[in-house]
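Everything below concerns the one structure shown next.
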Amino acid sequence: MAAGDVTERESGGLGRAELETLGGVGGFFALRLAPAPSAPPEVASAPARSAAGTSPAEAAHATAGTPAARSATADRRTATAERYPRPTSGRASAAPSAPAPRPASAAPGSPVPPGAPGAVAAVGAADAYVPLARVYAGDHAPLEDRVRRVAERLRAPEYRVAASVAQLGLAARLWSVALGSAALYGVVPDIRPDTLHWDPARTTPDDLWWSGDRVRPGTPEHLRDLVQHGHLAPLAAALRTGGAVSPRLLWGNAGSALGGAVRELTRWAHRHDRPEAARRAAALAAALLDDPDLAGTLQGPALRRRSCCLYYRCPGGGLCGDCVFDRPPRPPAASPR
């Protein structure tokens, strides 16, 4: 994309009201503009809230940072906080703005006013957030920490299962933020990896915060550049450095996460009399799926996937609603001695 495609605009963009509306679609659609504050004990002990309609595997990802999961990895949490210094590009909250407008076409590059749902970060709350660009560039400790947390939470029997569930949840977050913004407002936040900060110990929606202030047009080309090429491809490469995991599995997860975002947006649009948002989400997804990596990952109008995320292999796990299987496969019979 040419540098001139992202330029500053005098007004418009995604403000507090628009982001609160996105968060109302579901937790996976929420995007903070500042690090999440440290939760008081009574909040931290409550069950993690996940987006309605997410798959069991995505919900498992969303809860992998709850106290039950944190207790076994508190020492790694401290080590991660010490290793990754607090970002210096955060911004303070702004005063509330007017109610969210109806979608309107927007020129590229609108600056985003500061402030976000969830108020201002407490001192030290951002210590463990790390720009995803650093992870993709080879500093894999936060990603390894996340996979370990998922593995411990789900008692995953092998690396590829935990890596798959961790990747599916992060893919759902990325697609939801981008597709939701594009479908509702015609723009997408410029969530380049150097501006998107991630804490592997936190749950949705507090796991990500965005330090950017520009938006791009909400076209399939920009969504693909930001999410698929900017995040999902380097994320898959980083995961494969930690162990064997099939590229087909990870791209299947990426397609499934996109399909899940479409379904959740469609349900929200029908509840709020916004049929144009549902149509726009479906059209964007169809264009995004017309890509060599994502083509064939989903099938039919229900967007059922053609592969499996392997969540069923965890003790007590099952099948997601869009799984290729109708029932969990049986483990192979032991060979006779």
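The values are calculated or read from the model by the stated rules, or taken from the named source; none is laboratory data. Not measured: the values here are computed from a predicted model. Cβ coordinates were reconstructed from backbone atoms using ideal geometry, including for glycine residues, and neighbour counts include every protein chain displayed. Keep in mind that these areas ignore ligands, DNA and RNA; they rest on the heavy atoms of the full protein, side chains included. Shrake-Rupley method; radii C 1.70, N 1.55, O 1.52, S 1.80 Å.
A few remarks follow.
- With the whole protein complex present, residue 203 retains an accessible surface near 30 Å², based on a 1.4 Å probe.
- For the listed peptides 271-282, 218-229, a ranking on the average number of other beta carbons within 10 Å per residue, highest first, reads 218-229, 271-282.
- Across the stretch 170-177, computed HN-Hα scalar couplings (Karplus, 6.51 cos²θ - 1.76 cosθ + 1.60, θ = phi - 60°) run 5, 4, 5, 4, 5, 5, 5, 4 Hz from first to last residue, x flagging Gly and Pro.
- For residue 237 and residue 327, a Förster radius of 30 Å and the Cβ-Cβ distance give a FRET efficiency of 0.35, rounded to the nearest 0.05.
- Packing-based order for 249-262, 307-320, using average beta carbon neighbours within 10 Å, highest first: 249-262, 307-320
- Between the amide H of residue 130 and those of 198, 199, distances stay under 5 Å, these residues lying 5 or more places away or on another chain, with hydrogens modeled in the peptide plane.
- Interchain or long-range residues, amide H under 5 Å from residue 304's placed H: 299
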